[in-house]
Amino acid sequence: MDNKNNIVEIAENKVKQYFDFVDEVKEYNQKKVLKAFYKNKIGLEHFSTVSGYGHDDMGRDALDNVFADVFKAEKAIVRNHFVSGTHTLACCLFGNLRHGEKLVSVAGAPYDTMEEVIGKRGNKRASLIGHGVLYEEISLINDMDVDFEAIKNKIDKTVNMVLIQRSRGYSLRKSLNIETIKKIIEIVKTNNPNCICFVDNCYGEFVEKLEPLEVGADLIAGSLIKNPGGGIVETGGYIAGKEEYVNQAAYRLTAPGIGSEGGAMLNQSRLIFQGLFMAPSIVSEAVKGAILASQVFEDIGFISTPKPSEIRTDLIQTIKFGEEKPLLEFCKTLQMFSPVESYLTPVPDEVPGYDCKLIMAGGSFIEGSTIELSADGPVRPPYAVYMQGGLNYAHVKIALKGIVDNILHK
């Protein structure tokens, strides 16, 4: 074995001690999913589809009920009609906020694609602010930690909704674990019991044993081409939480009077059921891969977060390069170790919803799927890459060997 590949093997021996806990979380969540399938008596009839308006779709209704049970929600809406995680978030925001009401992002600035939804840039007229919604942000302490004291001072009866983004997005701040989310919600509800606590749950599903609704959140949303789709769902998203808030979001997706009662699933229900069933195991593989990556990059001298020993709350592993060239090389090498389009070279380009060029790598079976092994990052300081996903641990390990070989060679 050469020294470069040995780096990965040595790192693996260091982190294997953390894998037992990941497996424990996997088994816990798999039982949770299985129980929801049992309760709703899922059968072959739920895999059939209807056409047209999609009225009386048994599979769609059962799918909503299974997701609601898994996430401990009063109601859920699971649809292939959501085009992205950002779309689910926008439906929640536009559905539940009105002119003159106030939204506060309590963990710093939200993910880049939300800036245009909110109205910080882009087409202001189409945004929340353009519709008369008031917006504020609570800055992080040292751009890293949630400022609980500021939340306590800022949230009052004038705030109608708080946005809690679980994952770090394109920032170096800490992702929010369930305990942190619980503490935020307790402060908010103490100050204003009627304030809607809305959690962007993207990348977080099944990484921990509890989900945000179980610690007091009112509403959550996410993408089916991330964790809960298990790597096989072709498109879509979900919203879950209190019935009144889910209904308002559903009216935004379709129309008032239709809500969650329309929309043909176009033969996607079986895939979504199966993807959800597979999700706890797939997520655990990706988490193990992220832990290994963290150790590997720490060992070769890069700043990488979270650290190997930290308890995970999402799939994201960040490596900070400090300059553009190694960021591009990292993505180029990861693409070479992808199962699809390994022969392509990713280059920075404009992407809808972002205000700078992005570099994206990940030859995935489903376009844009980030439960599959991928890496991306904005081409701007601090030139960090955000690595996520991995349908199986072995693939992540093989890719890491290739990346280490390339980095050390150059």
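Brief remarks on what is shown
- Looking at the chain, the DSSP beta bridges with both ends there are about 65 percent antiparallel.
- Calculated mean residue ellipticity, 222 nm, the chain: -12500 deg cm²/dmol, from DSSP H runs (n ≥ 4) at -39500 (n - 2.57) each, averaged per residue and rounded to 500.
- Going from the residue with the fewest nearby Cβ atoms within 10 Å to the one with the most, LYS209, LYS288 rank LYS209, LYS288.
- Applying 1/(1 + (r/R0)^6) with R0 = 22 Å to the Cβ-Cβ distance of GLU214 and GLU310 gives a FRET efficiency near 0.55.
- Using alpha carbons only, the radius of gyration of region 214-367 set against its Kirkwood radius gives Rg/Rh = 1.02.
- Between GLU24 and ARG125, the C-beta separation translates, for a Förster distance of 60 Å, into a calculated FRET efficiency of about 0.75.
- Sorting MET265, MET360, MET144 from the fewest to the most surrounding beta carbons within 10 angstrom yields MET144, MET360, MET265.
- Put a plus charge on the Cβ of each Lys and Arg, a minus charge on the Cβ of each Asp and Glu, and nothing anywhere else: the dipole of region 284-410 about its Cα centre is then about 340 debye.
- GNM top mover of ILE164, ILE300, ILE138 - the chain, alpha-carbon springs below 10 Å: ILE300
- Summing Cβ point charges (Lys, Arg +1; Asp, Glu -1) relative to the Cα centre of the chain gives a dipole of roughly 340 debye.
- Couplings for region 13-20, taken from phi via the Karplus curve 6.51 cos²θ - 1.76 cosθ + 1.60 with θ = phi - 60°, read 5, 6, 9, 4, 4, 8, 6, 4 Hz in order; Gly and Pro are left as x.
- When you restrict to C-alpha pairs under 8 Å that are six or more residues apart and normalise by the size of the chain, the relative contact order lands at 19 percent.
- From least to most packed, judged by other beta carbons within 10 angstrom and beginning with the fewest, PHE82, PHE302, PHE273 follow the order PHE302, PHE273, PHE82.
- Selection from PRO228, LEU172, VAL159, by position along the positive dipole direction of region 143-251 (Cβ): LEU172
- Rounded to whole numbers, the Karplus 3J(HN,Hα) couplings from phi for region 192-201 are 8, x, 8, 6, 7, 9, 10, 10, 6, 9 Hz, using 6.51 cos²θ - 1.76 cosθ + 1.60 with θ = phi - 60°, and x at Gly and Pro.
- Among the trypsin sites (Lys or Arg not before Pro) within region 321-397, those in coil by DSSP and having at most 13 neighbouring Cβ atoms inside 10 Å are LYS357.
- Our estimate of slack between TYR53 and ASN191, defined as 0.36 nm per intervening residue step minus the Cα-Cα distance, is 45.4 nm.
- For region 80-215: rounded, prolate or oblate by the Cα gyration tensor [a/c cutoff 1.5]: rounded
- Once C-alpha pairs closer than 8 Å and six or more residues apart are averaged by separation and normalised to the residue number of region 299-398, the relative contact order reads 27 percent.
- Cα-projected label distance for GLU324 with ASN13, points at 7 Å along beta-carbon direction, nm: 4.1
All of the numbers you see were taken from the coordinates with simple rules; none came from a lab. From a predicted model like this one, the values you see are computed outputs, not experimental measurements. A quick note on method: Cβ atoms are made from the backbone with ideal geometry, for glycine too, and the neighbour counts reach across all protein chains shown.
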